[in-house]
Structures are given as structure tokens and as C-alpha cells.
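Structure first, commentary second.
The values are calculated or read from the model by the stated rules, or taken from the named source; none is laboratory data. None of the values given here were measured: they were computed from a predicted structure. Positions of Cβ are backbone-derived with ideal geometry, glycine not excepted, and every protein chain shown enters the neighbour counts.
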Amino acid sequence: MAHSHEHTHNNRTSFNKAFGIGILLNSAYIVIEFISGIVVNSMALIADAGHNLSDVLGLLLAWGASYLARTDITKRKTYGLRKSTILAALFNAIILFIAVGAIAIEAVRKLIEPQPVEGFTIITVAAIGVFINTITALLFIKGRKSDINIKGAFLHMAADAGVSLGVVAAGLIIQYTGVYIVDPLISIVIVIVITYGTWGLLKDSFMLSMDAVPGEIDTNEVENYLNSIPEVSEVHDLHIWAISTTENALTVHLLVAEYQRDDKLLKKVCADLYDKFNIHHPTIQIERETVSESCNRQSV
């Protein structure tokens with residue numbers, strides 16, 4: 001039996017500058033928004049400030065994980081610390097849910113006891129937020145398709161721009177109608193939007209941390225491809241999981257009728273797995289039908 005383990009590495013683009021600028025801009029805006037919310041008694045501004053704080057923490061986590069993912073492989077850490085990008089996404093989701101819980105409680109309190117707020121200040125501060133969040137989102141737009149960690153940062157910032165637009169709308173309604181209950185109602189809408197977007201992040205990051213198959217990979221398609229190879233008569237012990245938010249791994253046993261005297265088959269399969277399914281670390285064990293024996297052992 002032959003056992004091949006081939007690594008295909010992708011180029012990891014550094015987003016250090018994007019993270020630095022994004023964190024700096026949003027930190028400054030949080031201070032402005034929070035103070036303005038207290039001064040004009042706007043729950044919508046305070047809620048959005050809390051949301052932006054969770055996003056800054058999320059950016060810090062994602063940045064730290066991005067750095068750890070680049071650390072060297074050692075004898076003890078054979079995949080390095082690449083899994084930290086998945087854990088960062090999971091912690092991001094948890095932080096966001098804690099933030100929306102606090103926002104929801106305060107919004108309900110404001111609904112029960114509506115208080116007057118200043119519409120013009122809300123409009124001005126939220127408009128600044130639209131500008132800052134849009135710029136920050138654009139910093140991550142290039143990496144959103146190749147890295148779920150970067151995609152998360154992009155989507156959060158893009159969503160924040162939309163949420164800030166909602167706060168602008170609330171300010172306009174308050175300014176021209178004097179209906180103050182709009183302020184906590186917008187806060188509740190913000191909670192719903194964040195919860196909806198965060199649920200997917202929580203579910204995906206949790207599943208990846210449990211070594212589930214990455215969402216963009218169809219196991220049936222991978223198995224069908226392997227079965228379509230003329231030299232292969234059977235596929236078994238197929239496992240696919242994520243090493244990080246950008247790299248996936250696979251192990252599989254392939255039964256072949258004839259002994260492979262060179263690595264042509266292995267090289268072709270590894271290249272195809274990368275090109276077709278974005279699998280960077282395939283481990284392929286070639287077995288002859290006459291001596292095939294599954295290595296799988298289950299314990300109860």
C-alpha cells in the first residue's frame with residue numbers, strides 16, 4: 001500500500017493595515033456615538049455604540065487569529081495555530097449575542113417608558129457611522145471570498161453601515177414627527193438584524209470547531225469525483241474538515257485494481273481536489289483490492 005500526503009498552500013494575504021485602520025476609525029466613532037447618545041438620551045445611538053464595540057472586539061479577535069495562523073509549524077503544533085481563526089469567529093458570535101441581549105433589555109425599558117430625544121443629533125452621528133462603516137467594509141472587500149474570517153469582518157461592517165442608515169431614518173422621523181417611541185423600536189430592529197446575521201456565524205464557526213465538513217464543500221460531490229477516477233474501484237474512510245478559515249484537509253482510502261508504480265495518480269487527485277473543492281491538505285492512502293483492509297476502528 002502507498003500512502004501519500006501532499007500539501008498545497010495558498011497565499012495568505014495580510015490584512016494588517018485594514019484591521020489597524022478599521023479598529024482605529026471604529027474606536028473613535030464608538031466614543032463619539034456613546035457620548036452623543038447619553039447627551040441626547042438616544043437609546044438607538046447607545047445601542048449602535050454597543051454593537052460597534054462588539055465589532056471592534058471582533059476585529060481585534062480576527063486580527064489576533066490572523067496573526068496566530070501565520071505562526072510556524074512545530075513538532076507539537078503540526079498545523080501551527082491556524083484553528084485560532086475558527087475559534088475567533090466562534091467567540092465573535094458569542095460576544096455579539098451578549099451585546100444584543102443587553103441592547104434588547106434597554107430597548108424594552110425605553111418602550112415602557114419613552115423619553116424625548118434630539119433627532120438632529122441622532123441624524124448627524126449616525127451619518128458619520130454610515131461613512132466610517134462603509135470605509136471599513138471596503139478595506140476587507142478583497143478577502144471576503146477566500147477567508148470566512150475576513151468575510152465576517154466585511155459583513156459586520158457592511159451590516160453596521162445599514163444599521164446606521166436605520167438610525168438616520170429614526171432621527172428623521174423623530175425630527176419631523178416627534179414620535180419618540182421610534183428610537184427604541186429602531187433599537188429592536190437593530191437587535192433582530194444582528195441576531196439574524198450572527199446566528200449563521202455562530203452555527204458555522206461551531207460546526208467548523210467540531211471538525212465538521214466546511215459549508216462550501218459537498219461531501220457527495222467529492223466522493224463522486226473520487227469514484228469517477230478510472231483506476232479507483234472503491235472509496236472509503238473519507239473525512240473532510242477545516243484546518244483554518246482558509247484551509248481545508250481531507251483523508252481518504254482509495255482501492256485500485258493495479259499497483260501504482262509512480263505518483264501520477266496521487267498528484268492528479270491532489271491537484272483536482274484543490275482546484276475543484278478548495279482542499280489544501282489531502283492525505284490519500286492507495287490500497288490494492290487483494291490486500292485491502294479498512295483502518296477504521298470504532299470504540300464503544
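Remarks
- When the residues of region 74-103 are filtered to those that are in a helix (DSSP H, G or I) and not aliphatic (A, V, I, L, M), the one that is nearest to Pro184 (Cα to Cα) is Gly101.
- With respect to the conditions (1) surrounded by fewer than 21 Cβ atoms within 10 Å (Cβ to Cβ); (2) in the same structural domain as Ile103 (by TED's automatic domain parsing), Asp218 lacks only one, and its number is (2).
- Counting the residues of region 55-79 that are surrounded by fewer than 22 Cβ atoms within 10 Å (Cβ to Cβ) and either at positive phi or among the small types (Gly, Ala, Ser) (or both) gives 1.
- Taking the criterion of being among the polar types (S, T, N, Q) and not in a strand (DSSP E or B), the residues of region 231-253 that qualify are Ser244, Thr245, Thr246.
- Any chance Ile32 is closer than 13 Å to Ser164 by Cβ, assigned to a helix (DSSP H, G or I) and assigned by TED's automatic domain parsing to the domain that holds Ile122: yes
- Entry remark, region 208-230: residues being part of a helix (DSSP H, G or I), in contact with a Leu (Cβ under 9 Å, 6 or more places away or on another chain) and not small (Gly, Ala, Ser) number 6 in total.
- Taken over region 221-268, the criterion of being aliphatic (A, V, I, L, M), closer than 30 Å to Thr71 by Cβ and crowded, with 16+ Cβ neighbours inside 10 Å is satisfied by Val222, Ile240, Ala242, Ile243, Ala249, Leu250, Val252, Leu266.
- Residue in region 131-170 that is farthest from Gly20 (Cα to Cα), counting only those that are hydroxyl-bearing (Ser, Thr, Tyr) and assigned to a helix (DSSP H, G or I): Ser164
- Taken as a whole, the condition of being buried (at least 18 other Cβ atoms within 10 Å of the Cβ) and either over 30 Å from Arg288 (Cβ atoms) or at pLDDT below 80 (or both) applies to Arg82.
- For Ala99, the conditions (1) at pLDDT 80 or above; (2) within 20 Å of Thr195 (Cα to Cα) all hold with the exception of (1).
- Scope region 177-222; condition of a type in the set (Gly, Ala, Ser), over 20 Å from Ala158 (Cβ atoms) and modelled with pLDDT of 85 or more; matching residues: Ser209, Ala212
- Residues within region 230-242 that are touching a helix residue (DSSP H, G or I) at 6+ places or on another chain (Cβ under 7 Å) and either more than 17 Å from His281 (Cα to Cα) or free of Cβ contacts under 8 Å to residues at least 40 places away in the same chain (or both), tallied: 6
- Counting the residues of region 1-53 that are modelled with pLDDT of 80 or more, among the hydroxyl-bearing types (Ser, Thr, Tyr) and more than 24 Å from the chain's Cα centre (by Cα) gives 1.
- The set of residues in region 180-197 that are among the β-branched types (Val, Ile, Thr) and either not in a helix (DSSP H, G or I) or not assigned by TED's automatic domain parsing to the domain that holds Ala127 (or both) contains only Ile181.
- Sole exception among (1) farther than 23 Å from Ile32 by Cα; (2) exposed (fewer than 15 other Cβ atoms within 10 Å of the Cβ) for Phe131, by number: (1)
- Applying a threshold of 6 Å to beta carbon distances and a minimum spacing of six or more residues, or different chains, the list of pairs starting in region 26-53 at a residue that is aromatic (Phe, Trp, Tyr) and ending at one that is crowded, with 18+ Cβ neighbours inside 10 Å and modelled with pLDDT under 85 reads Phe34/Ala49.
- Any hit, region 171-179, residues being in the same structural domain as Ser36 (by TED's automatic domain parsing), touching a residue at least 60 places away in the same chain (Cβ under 8 Å), among the hydroxyl-bearing types (Ser, Thr, Tyr) and not in a loop (DSSP other than H, G, I, E, B): no
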